[in-house]
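Accompanying notes for the structure given below.
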Amino acid sequence: MSNQQVIKLSDVVKRVPSVLAKLPRAFNAAKILNPMNENISIGWAVENTTRKYPNNVAIYYEDRALTYSEFNRRINQVSHYLLSIGVKKGDVVALSMQNRPEFLICAMGIAKIGGVAALINTSQTSKVLSYSINLVNPVAAIVGEEQLESFNQVRADLDLPWEQALFVGDWDVFTEPKEAPESYINLAEEALKCSGENPEETKQVSKSDHLFYIYTSGTTGMPKASITNHERALGAYAGLSIVASMKPDDIFYATLPLYHATGLLVCWIGGVLSSGGALVTRKKFSTSRFWEDIHHYQCTAFGYVGELCRYLLNAPEHPDDANNSVRTIIGNGLRPSIWKEFRKRFAIDTILEFYASSEGNVAFFNLFNLDETVGFGAGNVALVKYDKEKEETVKDANGFMIKADVGEAGLMLGKITKATPFIGYTQKDKTEKALFHNVFKEGDSYFNTGDLLRNVGCKHYQFVDRLGDTFRWKGENVSTTELENIFAEIKGISDSVVYGVEVPNTDGKAGMVSLTPIDPEQPVDLHKFLAHAVEELPPYAVPLFVRIKNEMDTTGTFKYKKSDLKKDGFNPESTAEPLHVLLPRTKEYVPLTSELYRDIHEGKYSF
């Protein structure tokens, strides 16, 4: 949607009948979300769906199909085993596993007894992994076979009882018993000895109890564990059932990682569990297998982030692209520039773009199925004017923030109220840093989303950019400060400044770092730098571009002038200083010449 285009009232009115048809679901959702209905939880939701649809397939995975009845029984067995080894309400259990049925079985097994599942990002390794686990003080860890190598590397550094390391093999563990590695307990083997009945402890779990710890910006240094309670998950269970209108015969394809809120809360809990439909999951997203899987399982919906859509759109066209079973897609980050092309090429009826974050109190959906918008928000949201040069909000003479005009990009804030609380992180100092106080009047408080959005009419918003020390690449948040801390460990480097730069034909911003050597006579060893980055970071966080500066420019208060660096980007014509690039599918930085720069801009390299 261009800046000149706006959503008109007539656009919304035309879609009102389709929204009114969702009212019966809204009444059902209201019962679940009723504040008086406190003692229900996501474990209750699993049991509720199982009672309604015991013989429906809950999960398809490779050549396996698990009904809700079987799914719930496996969950209960895990719950009873965890109880037997002393896990109780409020205890944290770290869960490190890729997308497969056992991930959900274990996560729900923890949830049903009031435990908290710390959902470890499977890209994490080394210091980041050990920090993430120790941060939440788990009493046990459940580790998938596919994550065993990275877990073993840090096991000696974990504040975790060795006898509480539980192993889950990468096979159909509940029907094919095999031995666990030495010093690990075979969780499935032990769980099979336990009762498959619903545990009584589920009835003691309430909405306000913690359910998951989901890590934000945690794959790039020192993570934060955002708190998801049962009420938030039930909000997805009840609320998304209204918005998505999924049915028991729907089949939802989800390749987004289940350790993220989009994959777990939106795609599975909101899109699948609430409807009694089926989830089709794959360990990792594959462009080449995507539509093959859609056709094989006859999927009617799928979850996305912007990068996923771009990968699909960049794949070679086929005459039958529009000949598929998908009618609805749910996700975020679908860029306006490719929105209509994507909808037309793959014949998508409904695009349920949404805006939310793991920890935030701001969330809204494209309820009216309009093009190029994340949906509408009212009441607790506010857009305020933001000065990108000064990197701060604009204030009036009284020191209060100023609301952005319609069509103007502004910083999105979420008002903190009883109805829209900010639960925050496990670290209280991180929680406080995310807040603004005295925004429009004395005493009010707002959550700072860190995102620039634009009001495009009728309270509908469009995502513009992410601010501050975080940028988004490959569907993941990358924290610049945390990368800089990691690069500070490298000998010979005096300063490192990390920022995101726009690369044509990609979504988000690619990582770039400016490095200053301690001794200008001793150039930065980019081989060692890359080796360190690859060892400490997941692939998407490794900087693609490197700039070498003998002296870093700072302000009078010794702050780096990131705005100047961002402005220069990776254009060799903008600076005489050496630039390097890590090209796709290569393992070393090469000098970034003017010719190579043109090739990148012309799309000759697929980042």
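The values are calculated or read from the model by the stated rules, or taken from the named source; none is laboratory data. As the structure is a prediction and not an experimental result, all values here were calculated from the model. Here the Cβ is made from the backbone with ideal geometry for all residues, glycine too, and neighbour counts use every protein chain on show.
Mind listing whichever residues of the stretch 251-298 are assigned to a loop (DSSP other than H, G, I, E, B) and within 13 Å of Asn99 (Cβ to Cβ)?
Of all residues in the stretch 251-298, those assigned to a loop (DSSP other than H, G, I, E, B) come to 255-260, 274-277, 282-286, 298.
Listed by number, the residues that qualify are Thr255, Leu256, Pro257, Leu258, Tyr259, His260, Arg282, Lys283, Lys284, Phe285, Ser286.
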Looking for something more than 17 Å from Arg466 (Cβ to Cβ), touching a strand residue (DSSP E or B) at 6+ places or on another chain (Cβ under 6 Å) and surrounded by 19 or more Cβ atoms within 10 Å (Cβ to Cβ) - is there at least one such residue anywhere in the stretch 383-391? no
Residues in the stretch 435-442: is at least one touching a Lys or Arg at 6+ places or on another chain (Cβ under 9 Å), outside the structural domain of Leu352 (by TED's automatic domain parsing) and free of Cβ contacts under 8 Å to residues at least 60 places away in the same chain? yes
The conditions are (1) under 28 Å from the mean Cα position of the chain (by Cα); (2) at pLDDT 95 or above; (3) hydrophobic (A, V, I, L, M, F, W, C), and Leu592 fails exactly one of them. Which is it? (1)
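When you check Glu476 against the structure, is it under 26 Å from Gly410 (Cβ atoms) and modelled with pLDDT of 85 or more, yes or no? Show your work before the answer.
Details: under 26 Å from Gly410 (Cβ atoms): yes; modelled with pLDDT of 85 or more: no.
For Glu476, the condition - under 26 Å from Gly410 (Cβ atoms) and modelled with pLDDT of 85 or more - is not met.
Only one of these is modelled with pLDDT of 80 or more, assigned to a helix (DSSP H, G or I) and among the hydrophobic types (A, V, I, L, M, F, W, C): Ile40, Ile32, Ile75, Ile59. Name it.
Ile75
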Does the stretch 81-92 contain at least one residue that is part of a strand (DSSP E or B) and within 25 Å of Ser208 (Cα to Cα)? yes
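For (1) of a type outside the set (Asp, Glu); (2) over 28 Å from Ser150 (Cβ atoms), each residue gets a yes or a no:
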{"site": "Asn28", "(1), (2)": "yes, yes"}
{"site": "Glu47", "(1), (2)": "no, yes"}
{"site": "Lys52", "(1), (2)": "yes, yes"}
{"site": "Tyr61", "(1), (2)": "yes, no"}
{"site": "Thr67", "(1), (2)": "yes, yes"}
{"site": "Glu70", "(1), (2)": "no, yes"}
{"site": "Leu82", "(1), (2)": "yes, no"}
{"site": "Asp91", "(1), (2)": "no, no"}
{"site": "Ser96", "(1), (2)": "yes, no"}
Could you name every one of the helices (runs of 4 or more DSSP H) located completely within the stretch 147-247 that has at least 1 residues being under 24 Å from the mean Cα position of the chain (by Cα) and polar (S, T, N, Q)? 148-154, 230-244
So, of the residues in the stretch 151-183 that are within 19 Å of Ala118 (Cα to Cα) and among the aromatic types (Phe, Trp, Tyr), which turns out to be surrounded by the fewest Cβ atoms within 10 Å (Cβ to Cβ)? Trp162
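What tally of residues in the stretch 365-374 results from selecting those that are within 22 Å of Ala261 (Cβ to Cβ) and surrounded by fewer than 21 Cβ atoms within 10 Å (Cβ to Cβ)?
Final tally of qualifying residues: 1.
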In this structure, does Ala576 turn out to be among the aliphatic types (A, V, I, L, M) and loosely packed, with under 11 Cβ neighbours inside 10 Å? yes
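Has the stretch 384-404 got at least one residue that is among the acidic types (Asp, Glu), in contact with a Ser or Thr (Cβ under 7 Å, 6 or more places away or on another chain) and over 19 Å from Phe436 (Cβ atoms)? If you could, list the steps in order and put the result at the bottom.
The first filter runs over the stretch 384-404 and keeps only residues among the acidic types (Asp, Glu), leaving 387, 389, 391-392, 396.
After this cut, where a residue has to be in contact with a Ser or Thr (Cβ under 7 Å, 6 or more places away or on another chain) as well, the list is 389.
This time we only want the ones that are over 19 Å from Phe436 (Cβ atoms), so: 389.
Yes, the stretch 384-404 contains at least one residue that is among the acidic types (Asp, Glu), in contact with a Ser or Thr (Cβ under 7 Å, 6 or more places away or on another chain) and over 19 Å from Phe436 (Cβ atoms).
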Restricting the stretch 323-363 to residues that are crowded, with 21+ Cβ neighbours inside 10 Å and out of contact with any helix residue (DSSP H, G or I) (no Cβ under 9 Å at 6 or more places or on another chain), the residue that is nearest to Thr216 (Cα to Cα): Gly360
Exactly one of Val524, Val513, Val534, Val546 is at pLDDT 95 or above and either under 23 Å from Leu129 (Cβ atoms) or assigned to a loop (DSSP other than H, G, I, E, B) (or both), and that residue is Val513
Being under 19 Å from Leu352 (Cα atoms) and not hydroxyl-bearing (Ser, Thr, Tyr), is that true of even one residue in the stretch 285-294? yes
Taking interchain pairs and intrachain pairs at least six residues apart, which have beta carbon atoms under 6 angstrom, with the first residue in the stretch 315-328 and in the same structural domain as Thr350 (by TED's automatic domain parsing) and in a loop (DSSP other than H, G, I, E, B) and the second among the acidic types (Asp, Glu) and modelled with pLDDT of 90 or more? Arg327/Asp349
Whether any residue in the stretch 478-486 is over 30 Å from Asp396 (Cα atoms) and assigned to a strand (DSSP E or B) is what I want to check. yes
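Report, by residue number, each residue of the stretch 362-380 that is assigned to a strand (DSSP E or B) and in contact with a Gly (Cβ under 6 Å, 6 or more places away or on another chain).
Residues satisfying the conditions are Phe364, Phe365.
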When restricted to Pro24, Pro54, the only residue touching a strand residue (DSSP E or B) at 6+ places or on another chain (Cβ under 9 Å) and either free of Cβ contacts under 8 Å to residues at least 60 places away in the same chain or more than 17 Å from Val272 (Cα to Cα) (or both) is Pro54
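Here's the yes/no breakdown for (1) touching a Gly at 6+ places or on another chain (Cβ under 8 Å); (2) modelled with pLDDT under 95; (3) under 20 Å from Arg64 (Cβ atoms):
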| site | (1), (2), (3) |
| --- | --- |
| Gly114 | yes, no, no |
| Ala117 | no, no, no |
| Thr122 | no, yes, no |
| Leu148 | no, no, no |
| Leu166 | no, no, no |
| Phe174 | no, yes, yes |
| Ala180 | yes, yes, no |
| Tyr184 | no, no, no |
| Cys194 | no, no, no |
